[in-house]
Amino acid sequence: MTTKIRSLSAALMVTGAALLTGCQGMQGAREGDFYHAPAAAYSIDLSLNTFRGHVALDERCDQYGGSTTMWDASGRMFRIDYLRAEGNPNLRIPRFAADQTLLNLVLNGYLRSVVADSPMVKSAEVVHREQIQDSDPRAMMSIISLDVDSSKAVDIPEVSGLYYYGFLLFKKGELIYVVQHRQPALMPETMKSVLLRLADSMEMPGKERDETELERTRRMLARLAPGGSKEPARLCAAPTVAGR
């Protein structure tokens, strides 16, 4: 059952993460019970009682953002994405947009690309949406119902039925964060409680991860390049061949 649930999560989210490559070996990612996202985007304590038992991680990132999916020992899925709005070719956000506009555009992009482009989603409907005014920073939440049929997807274990995905979006500094969770039934207050608990547990910025010798060498070569040219700052280390 856990394999099916993880395959469902991967299939539904694969479009949204299509441009994100594997991070470099997750070196320095875990320190005791803490997980440190690339480029100090955030840190979070994996011993929170929100999680049940050991937490397995899958990490993707590029220079514009990253995504970490977390499965606890009960097979429940949680996910935290972080996105840089400025210069991000995947967001198409107008300049000088207000924070609330940014959040709405990012959420609509998730619903459009992640849901509509998944072959195993027969239908999707926004069943709950609200502004969370008493949070700091202000956040917005949405829940979508997904009618799933994996028979139309390739190499995915058989999964069918109705699932509910929750999104909590907020902006902190230069980054937009998207906290996600999946539940088997429509429980808006429970979904909001879980998402807010995760968001409240995130330390932003997080702790800087240790760099590998390869990454230090890459930065040195960039500084020594003719004309002093520098590539855009990464939110994660360059992927290894195995991570591609």
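The values are calculated or read from the model by the stated rules, or taken from the named source; none is laboratory data. Owing to the predicted nature of the structure, the values given are computational and were not obtained by experimental measurement. Note that we place each Cβ from the backbone using ideal geometry, even for glycine, and neighbour counts take in every protein chain shown.
Test ARG182 against the criterion of being modelled with pLDDT of 90 or more and not in a helix (DSSP H, G or I), and give yes or no. Give the derivation first.
Numbers: modelled with pLDDT of 90 or more: yes; not in a helix (DSSP H, G or I): yes.
Considered against the rule, which asks whether it is modelled with pLDDT of 90 or more and not in a helix (DSSP H, G or I), ARG182 comes out as yes.
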LEU91 passes all but one of (1) in contact with a strand residue (DSSP E or B) (Cβ under 9 Å, 6 or more places away or on another chain); (2) modelled with pLDDT of 80 or more; which number fails? (2)
Given the structure, is ARG219 of a type in the set (Lys, Arg), over 21 Å from TYR110 (Cβ atoms) and either within 18 Å of the chain's Cα centre (by Cα) or modelled with pLDDT under 95 (or both)? yes
Could you check ARG79 against (1) surrounded by fewer than 19 Cβ atoms within 10 Å (Cβ to Cβ); (2) in a strand (DSSP E or B); (3) out of contact with any Leu (no Cβ under 7 Å at 6 or more places or on another chain) and say which number it fails? (1)
ARG60: passes all of (1) assigned to a loop (DSSP other than H, G, I, E, B); (2) more than 24 Å from LEU196 (Cβ to Cβ) but (1)
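Which one of THR101, THR69 is of a type in the set (Val, Ile, Thr), within 26 Å of LEU46 (Cα to Cα) and surrounded by fewer than 21 Cβ atoms within 10 Å (Cβ to Cβ)?
Numbers: THR101 fails: within 26 Å of LEU46 (Cα to Cα).
Exactly one residue qualifies, and that residue is THR69.
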Here is a list of conditions, (1) more than 19 Å from SER47 (Cα to Cα); (2) modelled with pLDDT of 90 or more; (3) among the hydrophobic types (A, V, I, L, M, F, W, C), and LEU195 meets all of them except one; can you say which number that is? (1)
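Name every residue in region 46-57 that is closer than 15 Å to VAL179 by Cα and either out of contact with any helix residue (DSSP H, G or I) (no Cβ under 9 Å at 6 or more places or on another chain) or assigned to a strand (DSSP E or B) (or both), in order of residue number. Don't jump to the end; show me each part of the working.
Taking region 46-57 and keeping what is closer than 15 Å to VAL179 by Cα, we get 46, 50-51, 57.
Result: LEU46, PHE51, LEU57.
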Answer yes or no: is there a residue in region 65-73 that is at pLDDT 85 or above, in a loop (DSSP other than H, G, I, E, B) and under 26 Å from ALA185 (Cβ atoms). yes
Out of the residues in region 163-203 that are in contact with a helix residue (DSSP H, G or I) (Cβ under 9 Å, 6 or more places away or on another chain) and among the polar types (S, T, N, Q), state the one that is surrounded by the fewest Cβ atoms within 10 Å (Cβ to Cβ). GLN183
Are there any pairs with C-beta distances below 6 angstrom linking a residue in region 73-86 that is among the β-branched types (Val, Ile, Thr) to a residue that is surrounded by 22 or more Cβ atoms within 10 Å (Cβ to Cβ), with the two at least 6 apart or on different chains, and if so which? ILE80/THR68; ILE80/VAL179
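Each row is one residue, and each column tells you yes or no for (1) at pLDDT below 85; (2) not polar (S, T, N, Q).
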position: LEU103; (1), (2): no, yes
position: VAL106; (1), (2): no, yes
position: GLU125; (1), (2): no, yes
position: GLU130; (1), (2): no, yes
position: MET140; (1), (2): no, yes
position: VAL148; (1), (2): yes, yes
position: SER151; (1), (2): yes, no
position: TYR164; (1), (2): no, yes
